[in-house]
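Peer 1: Just dropping this structure here.
The values are calculated or read from the model by the stated rules, or taken from the named source; none is laboratory data. Just so we're clear, the structure is a prediction, and the values are computed from it rather than from any experiment. No Cβ is skipped: glycine too gets one built from the backbone with ideal geometry, and neighbour counts run over all protein chains shown. The protein model used for the area step is the full one, side chains on, heavy atoms only, and it has no ligands, DNA or RNA in it. Shrake-Rupley method; radii C 1.70, N 1.55, O 1.52, S 1.80 Å.
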Amino acid sequence: ELDIVFPESGARIFIPVEIDGTPGSLIMEAAHRDPRATVWWDIDGEFLGETTNYHQLAVRPGAGSHTLTITDNRGTRAVRTFEILSER
């Protein structure tokens, strides 16, 4: 019913700087069986926003391990851990 499409569980992700020098973003994606559902997003307990219809959200989490939690309007939750790699 509710699933995190990206990032994958245990993913190790490097977010590059854009060609114009601005910081890049991680585009997270979720899928929901109900096209009218609202999904609330948080990383490490910090609310990021909500989506309806098309469940994608761009974020810039810092380097290190993170926990993504999404919750729908019925209280269904999905949780995923991932790591952002630092620039070297």
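Peer 1: Pick out, in residue order, every one of the chymotrypsin sites (Phe, Trp or Tyr not before Pro) in the range 1-72 that is DSSP loop and has at most 11 other C-beta atoms within 10 Å; say none if there are none.
Peer 2: Taking the range 1-72 and a limit of 11 other Cβ atoms within 10 Å, the loop chymotrypsin sites (Phe, Trp or Tyr not before Pro) found are Tyr54.
Peer 1: Between Val79 and Arg12, what is 0.36 nm times their sequence separation minus the Cα-Cα distance? Round to one decimal in nm.
Peer 2: 22.5 nm
Peer 1: Which loop GluC sites (Glu not before Pro) in the range 1-71, with loop taken from DSSP, have no more than 14 other Cβ atoms within 10 angstrom of their Cβ?
Peer 2: Sparse-neighbourhood loop GluC sites (Glu not before Pro): Glu1, Glu8, Glu18.
Peer 1: While we're here: Could you provide, to the nearest whole Å², the per residue accessible area of the chain with probe 1.4 Å?
Peer 2: On a per-residue basis, the chain sits at 62 Å².
Peer 1: If you don't mind, another one. So if each residue of separation counts as 0.36 nm, and I subtract the Cα-Cα distance between Thr67 and Arg36, what length gain in nm does that give?
Peer 2: 8.6 nm
Peer 1: Tally up the carbon and sulfur contribution to the accessible surface of the chain as a whole percent, 1.4 Å probe, everything protein left in place.
Peer 2: That fraction is 47 percent.
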